[in-house]
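Single-structure report; data block below.
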Amino acid sequence: MVKIGVQQPPAALKPEKEKAAGGDGAAGAEEPAPLVQGRRSSLSGVCYLTMGLLVLLLGLVFASMYVYRYFFITQLPRESVFHCGVLYEDSLYSPFRGQLELHEDVKIYIEENYEQINVPVPRFGGSDPADIIHDFQRGLTAYHDITLDKCYVIELNTTIVMPPRNLWELLVNVKKGTYLPQTYIIQEEMIATEHVSDMEQLGSFIYRLCSGKETYRLKRRSTRRRISRREAGNCHRIRHFENTFVVETVICGKS
Ligand SMILES: *[C@@H]1O[C@H](CO)[C@@H](O)[C@H](O)[C@H]1NC(C)=O
């Protein structure tokens, strides 16, 4: 009887067996043993339940990830090409020129997280044809001015450029009616700064676009002063869109 210790599980088990084999001992005195047993089994029950719930939860998480991938990601093609056109009011130079049209091809690579834009020679002069890459992985934008055959690189401005997924959604929605509803144009001014010699630091997509071409870093011109006539001769304009509005990027050489 003294042997039965509440804090000693192996000892507590033994008399139980003895009791079962040897028939009826002092049943009243051994009361604590079944109590401990019960508490322990309920404890392990809670353990099993928790583990079961955890497994269930994990299963649910994986199932929903699978469903998400299946319904949302596999539905998006790896590469989408859009031929787009927009009508916009040219308020920058000649407010009376009225509506202009801008065309471009947009390739969106959702998995690789970049966009490539090809701007053809515009029907009405004034801006250069260009290839543009917005690399969201690297956070860089590259402009290849086709007229000059030069590349310009600057940090990606996410206020102006929609991420691949959002742009894809916008263009899919617009596709039904070929043209974006009439929009407006904004202007940004850049100055070419240092020459880039190590092209590989720009990531493989921009590397593919710019390798073998003279490449410069761009700096945003913050002061909103007008470009002087002398400077203007040294500037090139690229009109493009990767959002709901058109952007004119003015790139000026060092002066
Ligand atoms: C991004 O573009 C907007 C609109 O032109 C400009 O106000 C903002 O300063 C730019 N941000 C950066 C980080 O260049």
Would you say Ile117 is closer than 30 Å to Glu214 by Cβ, out of contact with any Leu (no Cβ under 9 Å at 6 or more places or on another chain), modelled with pLDDT of 90 or more and not in a loop (DSSP other than H, G, I, E, B)?
yes
Checking the structure you have, find out if any residue of segment 164-175 is without any contact (Cβ under 8 Å) to a residue 60 or more places away in the chain and not in a helix (DSSP H, G or I).
no
Consider Ser228 carefully, then state whether it is in contact with an Asp or Glu (Cβ under 9 Å, 6 or more places away or on another chain), of a type in the set (S, T, N, Q) and either modelled with pLDDT under 95 or more than 15 Å from Ile251 (Cβ to Cβ) (or both).
no
State the number of residues belonging to segment 170-216 that are within 16 Å of the ligand (Cβ to nearest atom), hydroxyl-bearing (Ser, Thr, Tyr) and surrounded by 15 or more Cβ atoms within 10 Å (Cβ to Cβ).
1
Would you mention how many residues in segment 168-210 are over 20 Å from the mean Cα position of the chain (by Cα) and over 21 Å from Glu89 (Cβ atoms)?
18
Regarding Gln75, is this residue closer than 28 Å to Ile206 by Cβ and either at pLDDT 95 or above or not aliphatic (A, V, I, L, M) (or both)?
no
With the requirement that a residue be more than 21 Å from Glu194 (Cα to Cα), within 15 Å of the ligand (Cβ to nearest atom) and of a type in the set (Phe, Trp, Tyr), what does segment 112-168 give you?
Phe136
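The values are calculated or read from the model by the stated rules, or taken from the named source; none is laboratory data. Only a predicted model underlies this, so the values are computations on that prediction, with no experimental measurement involved. Note that we place each Cβ from the backbone using ideal geometry, even for glycine, and neighbour counts take in every protein chain shown.
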